Amino acid sequence: MENSDRERYSRQILYRPIGEAGQEKLLASRVAIVGCGALGSSQAALLARAGVGELRIIDRDYVESSNLQRQTLFTESDAAQALPKAVAAEAHLKQANSGIRVCGIVADLTPENAAELLGGMHIILDGADNFETRYLVNDFAVQESIPWVYGAAVGGTGATMTIVPGETPCLACLFPEPPAGSHPTCDTEGILGSAASAVASIQVAEALKLLVGDTKALHRKLLSFDLWENRFQAIDPGLPADDCPVCRRREFAHLSGDRAVQITLCGRNSVQIHERRRPVDFAELASKLTPLGTVRSNPFVMQFSVAPYELTIFPDGRAIIKGTTDPGLARSLYARYIGS
Ligand SMILES: [Zn+2]
């Protein structure tokens, strides 16, 4: 290691579980961050400063002023320019640490590009805002034996679990199916920045343990907490499920695209999301969305307008999103307002 690095990372090298040997491993490591919102921006900043040699940041969204309360990488100028988060993140991280490789990729992670974007990574960190992406990451990580760290935060709550394929249960062992119906998101329930930072901090600590090879230090729990209500919970997830379709039967339905929701362009300025497995309770969804925009509904269809977009939602979960022709943006709006 060069002397400048020895100085730069001295406080982390002094930390005995890492040491100089651990720092060498970090500098030779490659980590992918899927989603660069609140979780992803905290993860990326911590990992870049810790000296992880290569960071790949994948995000489909752009910076908005409502992100700045918790997405600590971004600035007012990023929001004013509506920069893609992956682009803004790369620029800021390079300023924080010019000695590592940072690559921001503006993309929606899909079954088609998962191997290209995640292949060859040592660890994948979950900063996604939707379950479709998490199940895709789980499939790919199990198939390729890459550890990944699940994380989620909404309101004052957070949850995280570390998945080491072949050793620990995977996401599908615990939850064979993604949650059905609409569910709380940061855009409908709000979020405490500190809840997201807490999850990201635990995820990054787990990533560092894995990267330096100290796997006995992993927490090996499904951790969850509510920072406002002061509840902390650690559930032992046990062994991988005997009948898990992913890590036992090795059926990668999300990765093969069998489970991917079809998205088509419709009309001049609309995208249709052909979801059919997400029955929506209009009354419940209307009460969540009314504070955020204009809601009109009857038993057959619900319309939610939030300028410049209009979401038309059907009872089975299908939706037409008007105001864009970008499938990634349409998926993002769906995940924000309806669930994922
Ligand atoms: Zn499993």
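Values for this structure:
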| read-out | value |
| --- | --- |
| Single residue of Val63, Val87 found to be surrounded by 23 or more Cβ atoms within 10 Å (Cβ to Cβ) and either under 22 Å from Gly339 (Cα atoms) or out of contact with any Leu (no Cβ under 8 Å at 6 or more places or on another chain) (or both) | Val63 |
| Qualifying residue in segment 258-276 (condition: in contact (Cβ under 8 Å) with a residue 40 or more places away in the chain and within 16 Å of the ligand (Cβ to nearest atom)) | yes |
| Filter result (loosely packed, with under 15 Cβ neighbours inside 10 Å and in a helix (DSSP H, G or I)) within segment 69-84 | Glu76, Ser77, Ala80 |
| Neighbours by Cβ (under 8 Å, 6+ apart or cross-chain): first from segment 175-204, modelled with pLDDT under 80; second of a type in the set (Phe, Trp, Tyr) | Pro179/Phe131 |
| Hey, Arg30 in contact with an Asp or Glu (Cβ under 6 Å, 6 or more places away or on another chain) and touching a residue at least 60 places away in the same chain (Cβ under 8 Å) or not | yes |
| Number of positions in segment 94-109 that are modelled with pLDDT of 95 or more and assigned to a loop (DSSP other than H, G, I, E, B) | 4 |
| Filter result (of a type outside the set (A, V, I, L, M) and more than 12 Å from Pro237 (Cα to Cα)) within segment 161-186 | Pro165, Gly166, Pro176, Glu177, Pro178, Pro179, Gly181, Ser182, His183, Pro184, Thr185, Cys186 |
| Filter pass, Val102 being among the β-branched types (Val, Ile, Thr), in contact with a helix residue (DSSP H, G or I) (Cβ under 8 Å, 6 or more places away or on another chain) and away from the ligand (no atom under 14 Å from the Cβ) | yes |
| Which listed residue, of Ser65, Ser77, Ser42, is farther than 29 Å from Ala217 by Cβ, in contact with a helix residue (DSSP H, G or I) (Cβ under 6 Å, 6 or more places away or on another chain) and of a type in the set (S, T, N, Q) | Ser65 |
| Segment 1-34, subset crowded, with 18+ Cβ neighbours inside 10 Å and among the small types (Gly, Ala, Ser), residue farthest from Phe140 (Cα to Cα) | Gly22 |
| Within segment 222-255, tally of residues that are more than 16 Å from the ligand (Cβ to nearest atom) and closer than 23 Å to Ile146 by Cβ | 1 |
| Where Pro147 falls short, out of the listed (1) touching an Asp or Glu at 6+ places or on another chain (Cβ under 9 Å); (2) over 16 Å from Ala207 (Cα atoms) | (2) |
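The values are calculated or read from the model by the stated rules, or taken from the named source; none is laboratory data. Treat the numbers as computed from the prediction; the structure is a model and nothing was measured. Here the Cβ is made from the backbone with ideal geometry for all residues, glycine too, and neighbour counts use every protein chain on show.
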